[in-house]
1. Being surrounded by 13 or more Cβ atoms within 10 Å (Cβ to Cβ) and among the small types (Gly, Ala, Ser) is the filter here, so list the residues in segment 273-310 that pass it.
2. Quick one: is residue 258 over 19 Å from residue 131 (Cα atoms), among the charged types (D, E, K, R), free of Cβ contacts under 8 Å to residues at least 24 places away in the same chain and surrounded by 15 or more Cβ atoms within 10 Å (Cβ to Cβ)?
3. Just to be sure, is residue 175 of a type in the set (D, E, K, R), closer than 28 Å to residue 227 by Cβ and over 18 Å from the mean Cα position of the chain (by Cα)?
4. Might you check whether a residue that is surrounded by fewer than 17 Cβ atoms within 10 Å (Cβ to Cβ), closer than 30 Å to residue 255 by Cβ and modelled with pLDDT of 95 or more occurs anywhere in segment 89-97?
5. Select from segment 294-310 the residues that are over 20 Å from the mean Cα position of the chain (by Cα) and over 16 Å from residue 265 (Cβ atoms) and list them in ascending order.
6. Take the residues in segment 46-59 that are assigned to a strand (DSSP E or B) and out of contact with any Pro (no Cβ under 8 Å at 6 or more places or on another chain), then tell me which one is farthest from residue 103 (Cα to Cα).
7. Given the conditions (1) over 17 Å from the mean Cα position of the chain (by Cα); (2) touching a residue at least 24 places away in the same chain (Cβ under 8 Å); (3) surrounded by fewer than 19 Cβ atoms within 10 Å (Cβ to Cβ), report the number of the one that residue 148 does not fulfil.
8. How many of the residues in segment 60-110 are outside any loop (DSSP other than H, G, I, E, B), among the acidic types (Asp, Glu) and within 30 Å of residue 208 (Cα to Cα)?
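The values are calculated or read from the model by the stated rules, or taken from the named source; none is laboratory data. Quantities reported herein were computed from a predicted structural model and do not represent experimental measurements. A quick note on method: Cβ atoms are made from the backbone with ideal geometry, for glycine too, and the neighbour counts reach across all protein chains shown.
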Amino acid sequence: MSFKLSRRAALGAAAALPLSLAARPLLAKASVTPVNSIIARSFKIGKFVVTTILDGSARREDAFDIFGSTTTEDEFKKVSAENFISADAAQFYFTPTLVDTGAELVLFDTGLGNGGIQAGLAEVGITPEQIDVVVITHMHPDHIGGMATDGHVTFPNARYVTAAKEYDFWSGFDETHRVGGLVKKNVTPVAEKTTFVKDGESVVSGVTAIAAPGHTPGHTIYMLESEGQQLLLTADMANHYIWAFHNPEWAISFDGDKDLAAATRRAKMDMLAADKIPMIGYHMPFPGMGFVETRGSGFRFVPVSYQFAI
């Protein structure tokens with residue numbers, strides 16, 4: 001299956017049907033049962049039920065190498081101490097998000113592929129077969145690892161959404177490449193069921209794609225809007241709740257284009273702080289949801305408590 005043929009087929013299908021109906025299975029609509037557990041947390045945004053799922057967590061001992069390469073070690077230690085964390089280690093969280101719009105079940109990213117996504121869905125009474133739409137924010141392994149399970153498509157009845165630039169880039173590598181190989185294994189088999197969205201386009205009613213390049217070429221974040229409330233799913237725009245916010249210009253080793261990623265971070269954090277829009281970050285401490293406020297020349301991530309609890 002070549003990418004060009006797959007993409008034309010997907011775009012043709014999207015043109016023939018409304019985006020919210022393209023490739024949708026004719027199944028009864030399932031509904032989320034809101035939960036508040038150690039691996040799944042539900043929030044209400046307008047009529048949307050938004051559930052973050054803790055797919056896993058990992059500790060890294062090279063925090064300065066990841067987040068401090070463009071600052072001094074003394075400054076990095078100072079900022080860490082002021083925020084009561086070690087400058088030596090970082091704890092990462094991997095947090096896909098499920099959105100029940102009332103009409104569709106939309107899953108944003110699929111995790112590492114270690115079974116955590118299935119366990120989280122079970123917490124809210126949903127099976128993988130009931131997912132209507134899978135949105136891939138970008139194609140790093142911790143976001144596409146759960147697209148396949150034991151060699152089979154994990155979400156067989158879903159249609160898929162991602163940015164064409166993202167797929168174009170990673171599918172250009174061969175099977176020996178760490179990311180490109182996984183894209184060929186997990187993403188290419190569902191290319192015929194994939195819609196390629198652009199900046200400003202709608203995924204389903206109330207969910208809009210926003211280009212946020214830098215972390216990867218086609219990295220895309222998504223604005224949710226329902227009954228006058230908004231929530232921004234920021235994916236990997238910021239990979240740590242302290243260092244990436246304190247100075248958005250600090251380079252992050254995971255970012256492909258570090259200057260562009262920093263500019264994206266600054267612009268989106270400015271918007272979130274000014275408009276007081278809550279966000280969910282894929283690598284924020286679980287449950288991943290919070291607000292952004294200005295602090296000096298940078299920002300601070302403020303975790304939610306009970307504001308959106310159901």
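1. Within segment 273-310, 273, 281, 288, 290, 298 qualify.
2. No: the conditions fail for residue 258.
3. Considered against the rule, which asks whether it is of a type in the set (D, E, K, R), closer than 28 Å to residue 227 by Cβ and over 18 Å from the mean Cα position of the chain (by Cα), residue 175 comes out as no.
4. yes
5. 305, 306, 307, 309, 310
6. 59
7. (3)
8. 1
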